[in-house]
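Before any comments, here is the structure.
The values are calculated or read from the model by the stated rules, or taken from the named source; none is laboratory data. What you see is a predicted model, and the numbers here were worked out from it, not measured in a lab. In this analysis, Cβ positions are derived from the backbone assuming ideal geometry, glycine residues included, and neighbour counts consider all displayed protein chains. Just so you know, the surface numbers come from the protein's heavy atoms only, side chains and all, with ligands and any DNA or RNA stripped out. Shrake-Rupley method; radii C 1.70, N 1.55, O 1.52, S 1.80 Å.
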Amino acid sequence: MGSTMTEATTRAIEAPGATVTYDVRAGGSPETPPLFLIGSPMGASGFGTLASHFPDRTIITYDPRGAERSTKDDPTSASNPDQHADDLHRIIQEVGGPVDLFASSGGAVNALALVAKHPEDVRILVAHEPPLAAMLPDSENAKAAIRAIQSSYQNGGFGAGMAHFIAITSHRGEFPEDFASQPAPDPAAFGMPTEDDGNRTDVLLAQNIIGTTHYEPDFDALRRASTRIIIAAGAESQGEMANRGGHAVAERLGQQPEIFPSHHGGFLGGEHGWGGDPDAFAAKLRDVLEER
């Protein structure tokens, strides 16, 4: 299926504090809105498999500020969903909207910020597993657990932070009171480096983790939006923080989440060493985009 895709055209936009790179693959009829596939901090390289299932659509992918080909003037600075939303708005203005938007993980948080501010940019939003610790019933414990990840990173470097990240994000169910104060896991147990390279600019652990998870969407604006908003959660990730975030957002919007095949990375076909069930995932995405 991928062989019918056109070559991508790569472009960049200047935004306050960043240069943001995006790709456009032309396809389908001009009457059909482009399909914009986003994550955060996962960039365009994570969406090759999913994009290949939509040769009948113009596909847009991008690298969020600070990730992959997109640079930030100050890589030690934090990024937040409103900044990402402004970047997305600029890209949609350049390409021409409205778009249909599939947004996963941190990208789903950024997409909710975009639709709250610029509903005219997005015809349909499928927001898959937004890791919104702030929306959970146990939000204070969840946010403390996230801050413990960042502390592990600042104290021990990438391996320490990433091992703690995996442990927290794979935890199922509510976070107990003492969860954040439990000892951080051994990086070697997760196949992570035990040496600290001294870098503290990681796009996930330094730049985005707090702003993304502590964000509180503007639900009044989302309810008013012309955009059709579909909240999605994975069939195999039930109980994990991002999945629970999806359920919490859906509840606040008065809807049930659409259950998508596989797990948090269900659309991946081996990108970043992680595989889901991309054929079934893409079929489900097509179904929800085509529902009227």
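Evaluate E = 1/(1 + (r/R0)^6) for ASP186 and ALA221, where r is the Cβ-Cβ distance and R0 equals 30 Å; express this FRET efficiency to the nearest 0.05.
The formula returns an efficiency of 0.10 here.
Sorted by packing (mean other beta-carbon atoms within 10 Å per residue), highest first, where do 55-65, 87-97 land?
My ranking of the peptides, most packed first, is 55-65, 87-97.
Nearest 0.05, what FRET efficiency do ASP74 and ARG147 give at R0 = 25 Å with Cβ-Cβ as r?
0.70
Relative contact order of region 222-292, please, whole-number percent, based on alpha carbon pairs below 8 angstrom and at least 6 residues apart.
Value for region 222-292: 25 percent.
Mind checking which of SER237, SER226, SER105 has the largest fluctuation in a GNM of the chain, springs on alpha carbons under 10 Å?
For the chain, modelled as a Gaussian network with Cα springs under 10 Å, the answer is SER226.
For ASP73, what accessible area in Å² do you get when you roll a 1.4 Å probe over the heavy atoms of the protein chains, rounding to the nearest 10?
Here the accessible area works out near 130 Å².
Computing the accessible area with a 1.4 Å probe over protein heavy atoms, can you report the carbon and sulfur percentage for region 135-292?
48
In debye to the nearest 20, how big a dipole does the chain give about its Cα centre with +1 on each Lys and Arg Cβ and -1 on each Asp and Glu Cβ?
460
Nearest 20 debye, what's the magnitude of the dipole of region 157-236 about its Cα centre given +1 on Lys and Arg Cβ and -1 on Asp and Glu Cβ?
So the dipole magnitude of region 157-236 works out to roughly 480 debye.
Place a +1 charge on the Cβ of each Lys and Arg in region 49-189 and a -1 charge on the Cβ of each Asp and Glu, then give the dipole magnitude about the Cα centre in debye, rounded to the nearest 20.
That gives a dipole near 160 debye.
Report the relative contact order of the chain, percent, no decimals, based on alpha-carbon pairs under 8 angstrom and at least 6 residues apart.
18
Amide H to amide H, which residues 5 or more places from GLU236 or on other chains are under 5 Å from it, using H placed in the peptide plane?
Those lying under 5 Å, H to H, from GLU236 are SER262, HIS263.
Per 10 Å bin, what percent of the C-alpha pairs of the chain does each bin hold, from zero upward?
For the chain, the binned pair fractions read 7, 30, 38, 21, 5, 0 percent.
Taking springs between alpha-carbon atoms closer than 10 angstrom, which of ASN110, ASN141, ASN243 fluctuates most in the Gaussian network model of the chain?
The residue that fluctuates most here is ASN141.
Order the following by accessible area, largest value first: THR9, THR212. Probe radius 1.4 Å; ligands, DNA and RNA are ignored.
THR9, THR212
Among PRO187, PRO137, PRO176, whose mean-square fluctuation peaks in a Gaussian network model of the chain (Cα, cutoff 10 Å)?
Between PRO187, PRO137, PRO176, it is PRO176 that shows the largest mean-square fluctuation.
How high is the FRET efficiency between SER29 and ASP279 when r is their beta carbon distance and R₀ equals 22 Å, given to the nearest 0.05?
0.35
For the chain, what does the accessible surface come to per residue with a 1.4 Å probe? Please give it in Å².
41
If the chain between GLU236 and VAL288 were fully stretched, how many nm would it gain, using 0.36 nm times the residue separation less the Cα-Cα distance?
16.8 nm
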